[in-house]
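S.K.: Just passing along the structure, written as structure tokens.
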Amino acid sequence: MAPSSPTRPLLIGLAITLLAVAVFSWYALSRIDVVRGLQTHTIDRNRQDSLQLLRIQNYIHALALAMRDMVEGAEPHPLDSWKERFDKIRFNLEDALNVEARIAPESRRPDLEKQFAVSLLQLWNSSDQMFALARAGQEQKARAMIRASLEPQQIGRAHV
């Protein structure tokens with residue numbers, strides 16, 4: 001009886017090994033695609049969030065500049081003429097905050113966001129009172145209110 005050749009078992013072993021390598025490679029590549037997609041999504045979301053935060057910062061800065069100009073009184077306009085500009089900044093800022101809230105990472109601290117929202121509401125209430133004083137012809141009281149109440153509130157918003 002002639003000894004059997006080891007070729008056939010070796011070829012079967014090679015085929016099983018190649019199949020195992022192929023299956024593992026396919027699985028690894030599919031996992032890499034999933035991770036790449038997650039990475040791309042995270043980078044894109046963070047980029048959008050950063051842009052929204054810059055947009056918010058820009059509107060807060062515009063608000064500070066408007067208050068500075070109102071207090072200085074360098075413009076020949078009465079204080080109540082600034083209401084339209086304030087309303088536009090308010091609308092744009094609230095829109096930016098809503099967009100940012102939708103795309104913000106889940107790791108954000110909701111207590112800070114709530115604190116910011118409350119203090120922003122206080123700022124808008126104070127500005128409404130200031131414009132009411134300005135409409136009533138009490139420009140000096142309105143300017144004093146900007147110095148005493150609105151500017152410190154706005155500075156607090158910039159640091160939250």
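The values are calculated or read from the model by the stated rules, or taken from the named source; none is laboratory data. Everything quoted here is computed from the prediction, not taken from an experiment. Using ideal geometry, Cβ is built from the backbone for each residue, glycine included, and neighbour counts are taken over all protein chains shown. The protein model used for the area step is the full one, side chains on, heavy atoms only, and it has no ligands, DNA or RNA in it. Shrake-Rupley method; radii C 1.70, N 1.55, O 1.52, S 1.80 Å.
S.K.: Work out Dmax and Rg for the chain from the C-alpha atoms and quote the Rg first, both in angstrom.
M.R.: 31.3, 120
S.K.: Around ASP95, with a cut-off of 14 angstrom between Cβ atoms, what is the net charge of the other residues, counting Lys and Arg +1 and Asp and Glu -1? Spell out each step's value before the answer.
M.R.: Details: positive: ARG55, LYS88, ARG90, ARG102; negative: ASP87, GLU94, GLU100.
Local charge sum for ASP95: +1.
S.K.: Considering only protein heavy atoms and a probe of 1.4 Å, how much of the accessible area of segment 40-160 is carbon and sulfur, as a whole percent? Walk me through the numbers on the way to the answer.
M.R.: Working: 4020 of 7340 Å².
Summing carbon and sulfur atoms, their accessible area is 55 percent of the total for segment 40-160.
S.K.: For the chain, what is the accessible area per residue in Å², given a 1.4 Å probe and the full set of protein chains?
M.R.: Values: 11050 Å² over 160 residues.
On a per-residue basis, 69 Å².
S.K.: Could you tell me the calculated FRET efficiency between LEU53 and LYS88, based on Cβ-Cβ distance and R0 = 35 angstrom, to the nearest 0.05?
M.R.: Details: r = 20 Å, r/R0 = 0.57.
It comes to 0.95.
S.K.: Each residue of segment 132-147 in order: what ³J(HN,Hα) in whole Hz does its phi give by Karplus 6.51 cos²θ - 1.76 cosθ + 1.60, θ = phi - 60°, with x for Gly and Pro?
M.R.: 3J(HN,Hα) across segment 132-147, in whole Hz: 5, 4, 5, 5, 7, x, 9, 4, 5, 5, 5, 5, 5, 5, 4, 5.
S.K.: Give the calculated FRET efficiency between VAL99 and TRP26 to the nearest 0.05, with a Förster radius of 41 Å applied to their Cβ-Cβ distance.
M.R.: On the way: r = 40 Å, r/R0 = 0.97.
Working from the Cβ atoms, E equals 0.55.
S.K.: Apply the a/c threshold of 1.5 to the C-alpha gyration tensor of segment 1-73 and tell me whether it is rounded, prolate or oblate. Don't jump to the answer; show the numbers that get you there.
M.R.: Values: a/c = 19.16, a/b = 13.38, b/c = 1.43.
Prolate shape, in that a/c is at least 1.5 and a/b is the bigger ratio.
S.K.: For the chain, with a Gaussian network of springs between Cα atoms less than 10 Å apart, report the residue from ALA22, ALA104, ALA66 with the top mean-square fluctuation.
M.R.: Between ALA22, ALA104, ALA66, it is ALA22 that shows the largest mean-square fluctuation.
S.K.: Go through LEU10, PRO110, ALA74 and say which Cα lies farthest out towards the positive end of the charge dipole of the chain; charges sit on Cβ, +1 for Lys and Arg, -1 for Asp and Glu.
M.R.: LEU10
S.K.: Grab the DSSP H runs of the chain that are 4 residues or longer, score each as -39,500 (n - 2.57), total them, divide by all residues and round the 222 nm result to the nearest 500 deg cm²/dmol. Could you put the intermediate results ahead of the total?
M.R.: On the way: 5 runs with 129 residues, N = 160.
Estimated from H runs of four or more residues: -28500 deg cm²/dmol.
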